[in-house]
Structure formats: C-alpha cells, structure tokens
Amino acid sequence: MIRILKTIALMLLLGICPAQAEELTALARVDAGQSQITEDRHGVELRLTLSQPVPYSLHMLADPTRLVVDFREVSWGGVTVADLVQTARVTTAAAGPVRPGLSRLVLGLDAPYVLRTGELRTDTAQGQSVLTVRLDPASAADLAAQATRPEALMGGQVPSEPQAAAQRRQDGSRPLRVVLDPGHGGVDPGAERDGVNEADLMLIFAREAKEVLLRDGFEVVLTRNDDSFVPLETRISIARAAKADVFLSLHADALSEGQASGATIYTLSDTASDKASAQLAERHDRADLLAGVDLSEQDDVIAGVLMGLARVETTPRAGHLADALVLGLRDSIGRMHKRPRLSAGFSVLKAPDIPSALIELGFLSSPQDLDNLRDPDWRNRAAMGISAALQSWALSDAAEARLLRQ
C-alpha cells in the first residue's frame, strides 16, 4: 500500500494521471511480460520490451536520485510499472504521458547511481525492441557530475535541483583524465570488411590504448567495455561524469566508392571540411537514429548561448589537441591521410566544455589500413603516438591555463 501511495504521489508530481494514460494511443507498446527492473551484480538493470523502436533519452537526477527515461509515443496501456520492480533498490516507479507526444518513466532509487550503459536492440524478425539501462552505485559527487538539470528535461515536469560545480580546467597539478570512446557497438557494428567490423576493432584498440596511457600516468575511462550500443548523448554524459579533460572518439570507416587511406583527426565544425567529411558525420550520427535515439531535439536559446560561450575557450583547445595528435601519430606510425586534419559536425564531439577530437585510425576499405588495424605492433605504435600527443598537449594547455589565472 505504501508503495502504491508513493507511486501515485510521484505520478501527480510529474503531471501523469490514469485518464491521460488511457488517452494516449501510440504505435510503440510496452510488453509487461518481457519487461523487468532488477538487480545485477553491479547495481540496477531496467529491461523494457517495446513493440518497435522508439526515440528515447536517458537522464539521471540528484537529491533524490532518480532515473528518467523520456520516450516519443509509447503506450503504457494496462502496465503498472511498480509491478515490474523486483529489487528494493528501486523505491518508487511511475510512467505515463507528460504531454502529447512525450511519455516518461521515472524510477526513484535508494542511493546515488550513475548510468553505466543504455542500449536499444531491435529483433528484426520479431519486430520488437529491448531497451536495457544499467546503473552503477556511485558517490553523491559522481552522480552530481552526471545529473541533468531537471528543467532541461523535455516537458520540464520535475522540480529544479542545484547543479554541481563544473570541472576545473587542468593545469598540470593532477593527472590528465582521458575518456576513450570506441565507436559503434551492439546493434551498430559500424563499417565491416573481410569478417571484421569497426566496433570490434575499435574496442580492441581502446583497451590496448588504455593500458599504454595508464603506464604513462594518465587516468583513463572507456565509454564502453563490451559489444554494447551506447547512444551518442550517453557517451558525452559518461565523459562529463568522469570529469574528463579530454574526449577521444575512435573510428575506422570504410568508403563505398573512391579510395582513401591513413589516419585522420577530426574536430567539431558547423561546416565540414569537404563533402566526404559531411557524409562521414551523417553516417556516424545515423546510427543513433536507427537504434531509436532521438537526435532531433534543439537547444533552447539560453542553453545555446551558454554553450557557445563555453566553446569560445574549448574550440581552440580542441584545435591544438588535434594538431598534437597529427604530429604524435605521424611520428609513431608514419603515413597519415593526405589531409590528416579535418572538421565536421559529429554529434559525439559536441560537449561544449571538454576538448574533443575524433580519430579515424584508418579505412577498412583500404587493404593496407585493414592489415595495420589487425596488427598488434601497429596498434601499439598508434597508441604510443596518441600518448605522446596527449603529453605534449597537456603541457602547453596547462601552461596556458596558468597564464589565464594570473
């Protein structure tokens, strides 16, 4: 009875009521028989089976700790979310429409947690999709670093809470914290050639590069540690939660026509360096759309201005980072792409407060690049080149930071 009362209270807080639930008729429906909220060996796991893929977004809120999952057009008809809960770690559960076109699931949690993974896999034969979200126990500080400002949620139905202080720019007084982002994964294997795919190769490289960077004194976090799909927005959230000083997204594309080879370093730009770069950014971002993640939401005016101001400092730092990566890789692996420094509108590089770069280590459509990526010795030299670049960039970036504070 207490749980039911808590759930009703939370539904009222969110503006969700039974009458609204009956009015919503959406194509995507929740299958309660194949859905559950349980514990795994790390923390909490949400497994939600839907009749078809649907755009969604994930958010963590602090004080009290809550997981918020927003969907476009989901019918909860007849499903009581509290009945799906099989763990005492989830203290409240509510779901329903917030406004036309937007459905919301909110789980109250017994302690601070952070997002570990979020993925939506689609069974093309059955037509169903399964959303799996995993949460890890965390400190209050880690949750605060990952938490979304409640007013930033679509629909804005959750009371506002204070945001944690931003990560201070690195000045050489502590180890540089690097987030390595192996591209693709899970439902999205990326480029494929000769029985290998981009997602697997990049995960192998990321794990090996992590070991090289750790030996050289860096702190390193991976956005994924297995073959799972991680939405672009979540990859950025992981970097922010880790208080990253640098974000590096790792890829190895393939061309369907034309020829290209060698490593390329990309930074964010509204205008792509060339047509090929623009098409590459579209292909990378399209993976999220195919996996059911909504990339269409636009920033409001104030948020856009604030992010623009943040990028005034971050953009030149990212440019210097990309230049250092070109030099470091050229010294370690030799041949690079004929234009090793390019830019395009990659969504994964859009964190306004973290210097970010996308490294195309090569092209799977190039036999030589494919051989390189399969070669442990080449991968080790590439990782050492990235490490040397980060060491060089960190020194100059820290010197600049100290001058700015004087």
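If Lys and Arg each add +1 and Asp and Glu each add -1, what is the summed charge of the other residues whose beta carbon sits under 15 Å from the beta carbon of E39?
My count for the surroundings of E39 gives +1.
For A88 paired with L404, estimate the spin-label separation in nm (one decimal), with each label point 7 Å from Cα along the Cα-to-Cβ line.
In this crude label model, A88 to L404 measures out at 4.8 nm.
By the scheme Lys and Arg +1, Asp and Glu -1, what is the net charge of all other residues having a beta-carbon under 10 Å from that of L250?
Value of the local net charge: -3.
How big is the Cα convex hull of region 53-120 in projection, averaged over all directions, in nm²?
So the Cα hull casts an average projection of 4.9 nm².
Let me have the relative contact order for region 27-87, percent, based on Cα pairs under 8 Å that are six or more residues apart.
Computed value for region 27-87: 41 percent relative contact order.
If I model a spin label at Q368 and R330 as a point 7 Å from the Cα along the Cα→Cβ vector, what separation in nanometres do I get?
Simple spin-label model gives 1.6 nm for this pair.
Taking the Cα centroid of region 181-230 and of region 339-406, what is the distance between the two, rounded to the nearest whole Å?
Cα centroid to Cα centroid, the span is 14 Å.
Can you classify region 188-252 as rounded, prolate or oblate using the Cα gyration tensor, where a ≥ b ≥ c are the square roots of its eigenvalues, rounded means a/c under 1.5, and otherwise it's prolate if a/b beats b/c and oblate if not?
Here region 188-252 falls in the oblate category.
Read the figures in this text as sums done on the coordinates, not as results from a lab. Since the structure is predicted, the reported quantities are computational estimates derived from the model, not experimental observations. Counting neighbours? That spans all protein chains shown, and the Cβs are built from the backbone with ideal geometry, glycine included.
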